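> Sharing a structure here in structure tokens format.
Please treat every number below as a calculation from the coordinates, not as lab data. All of these numbers come straight from a predicted model, not from anything done at the bench. Ideal geometry is used to build each Cβ from the backbone, glycine not excepted, and the neighbour counts take in all protein chains shown.
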Amino acid sequence: MDKIKNKIRPVFPFTAIVGQEEMKLALILNVIDPKIGGVMIMGDRGTGKSTTIRAIADLLPEIEVVDDDMFNSHVSDYDLMSDLVKQQIESKLNVKTHFIKVPMVDLPLGATEDRLCGTIDIEKALHEGVKSFEPGLLAKANRGILYVDEVNLLDDHLVDILLDSAASGWNTVEREGISIRHPARFVLVGSGNPEEGELRPQLLDRFGMHAEIRTVKDPSLRVKIVEQRAQFDQDPYGCIQEYSDKQQELKDIIIKAQKNLMNVVIDYDLKVKISQICGILNVDGLRGDIVTNRAAKAFAAYQNKDEVDIEDIKTVITLCLRHRLRKDPLETIDSGDKVSDVVSEILS
């Protein structure tokens with residue numbers, strides 16, 4: 001235990017977090033299938049957003065990365081490896097690997113584009129003919145989680161870059177005719193407080209899921225959360241030990257779901273119903289349909305099933321669509337309730 005204390009900064013266990021089921025489910029589904037497109041978490045201050053996001057990163061199994069590679073390159077998946085590693089593999093060179101914890105990268109509000117994307121050393125390139133690249137946060141986040149707190153206060157230009165990289169899985173840096181690209185496949189997690197300003201609708205639409213969290217009102221539940229936090233602050237390693245079995249159980253379920261995801265099918269009639277719901281709700285574009293299909297499959301895999309059923313869709317569809325509805329300032333009904341009403345009508 002002493003060795004552990006010296007090496008690891010304690011992280012609150014994911015399975016110990018009380019309540020906020022919507023946020024926890026959205027994070028788990030994005031970890032099972034990163035192609036869902038990330039999650040936007042909007043809610044009151046002090047509701048455990050940051051704690052939960054750090055906890056899911058800590059829970060995930062370690063990943064195998066290529067030695068001396070600045071992009072956490074995968075050893076066999078071409079979409080997740082840098083051009084240099086591809087060349088080494090194609091040249092039949094022996095590529096050594098090691099295991100690391102899933103990267104959890106924070107994007108600070110004051111970050112510049114260079115800090116995010118990385119920079120090319122022009123002087124070195126011109127004088128020595130060497131492409132010298134200083135990696136940014138997108139490189140560090142490859143195959144991990146990129147967390148942006150208060151994303152609604154982040155410069156729109158940076159949000160655009162983030163969303164483009166998250167969607168394409170690649171980051172390209174160009175300067176003075178020199179171009180470098182590298183894999184940047186990560187789960188993008190944004191959080192914010194709606195009182196501090198909304199995100200532009202076209203940017204909001206690019207997040208796969210949208211979880212809303214509220215401060216817990218039940219007094220006994222609030223006491224439980226406070227006591228649990230106090231227990232962790234007093235003896236973090238004891239708390240981690242107490243939840244180790246539950247943590248391992250959830251980790252095993254996630255690993256199994258990731259492997260089983262490609263075998264999960266969704267019936268054509270259910271796909272039609274999803275698109276019908278999106279049509280009735282006037283959801284622009286097809287992102288809503290695509291994300292709901294993906295999320296339903298991930299949820300089925302999470303439950304160790306091979307086929308999506310109506311209940312799976314009902315569980316995930318509000319998370320996938322509520323932020324894609326056109327906002328009417330005069331409307332009193334919540335967008336989540338609006339989705340639920342149409343869903344109960346179509347998926348009865």
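> Using a ≥ b ≥ c from the Cα gyration tensor of the range 190-278 (square roots of the eigenvalues), is it rounded, prolate or oblate, where a/c under 1.5 gives rounded and otherwise the larger of a/b and b/c decides, a/b for prolate?
oblate
> Show me the GluC sites (Glu not before Pro) within the range 37-142 that DSSP assigns to loop and that have at most 14 other Cβ atoms within 10 Å of their Cβ.
Qualifying residues, ordered by number: Glu62.
> Give me Cys239, Cys117 sorted ascending by neighbouring Cβ count inside 10 Å, so fewest comes first.
Cys239, Cys117
> Using a Gaussian network model of the chain with C-alpha springs under 10 Å, which one of Ile36, Ile213, Ile180 is most mobile by mean-square fluctuation?
Checking each option, the largest mean-square fluctuation is seen for Ile180.
> Once label points are set 7 Å from the Cα along Cα→Cβ at both Ala111 and Asp164, what is their separation, rounded to one decimal in nm?
1.6
> Rounded to the nearest 0.05, what FRET efficiency do Arg214 and Glu249 give with R0 = 25 Å and r taken as the Cβ-Cβ distance? Could you check?
My answer for the efficiency is 0.35.
> So which GluC sites (Glu not before Pro) in the range 249-348 end up in coil per DSSP with only 14 or fewer other C-beta atoms within 10 Å?
Glu331
> Could you list which residues have their amide H under 5 Å from that of Ala184, counting only those 5 or more apart in sequence or on another chain, with H placed in the peptide plane?
Residues meeting the amide H criterion: Trp170, Asn171.
> Given the options Leu116, Leu80, Leu221, which has the most mean-square fluctuation in a GNM of the chain, springs set between C-alpha atoms less than 10 angstrom apart?
Fluctuation is largest for Leu221.
> Per the helix-only calculation at 222 nm, which mean residue ellipticity applies to the chain, given -39500 (n - 2.57) for every DSSP H run of n ≥ 4 and division by its residues, nearest 500 deg cm²/dmol?
Helix contribution divided over all residues of the chain: -14000 deg cm²/dmol.
> Here's something else I'd like to know. Among DSSP beta bridges whose residues both lie in the chain, state the antiparallel percentage, nearest 5.
40
> Then there's this: To the nearest 20 debye, what charge dipole does the range 261-346 have about its Cα centre, counting +1 at the Cβ of each Lys and Arg and -1 at the Cβ of each Asp and Glu?
It works out to roughly 360 debye.
> To the nearest 0.05, what FRET efficiency results for Leu84 and Gln231 with a Förster distance of 56 Å applied to their C-beta separation?
Taking R0 as 56 Å, the efficiency between Leu84 and Gln231 is 0.75.
> Next question. Could you list Tyr237, Tyr78, Tyr243, Tyr147 so that the one with the fewest beta carbons within 10 Å of its beta carbon is first and the one with the most is last?
Tyr78, Tyr237, Tyr243, Tyr147
> Quick one: how many lysine pairs in the range 261-346 have C-alpha atoms under 23 angstrom apart, if they're 8 or more apart or on different chains?
The number of close lysine pairs in the range 261-346 is 14.
> Once you've got the GNM for the chain with C-alpha springs shorter than 10 Å, pick whichever of Asp160, Asp67, Asp218 has the biggest mean-square fluctuation.
Asp218
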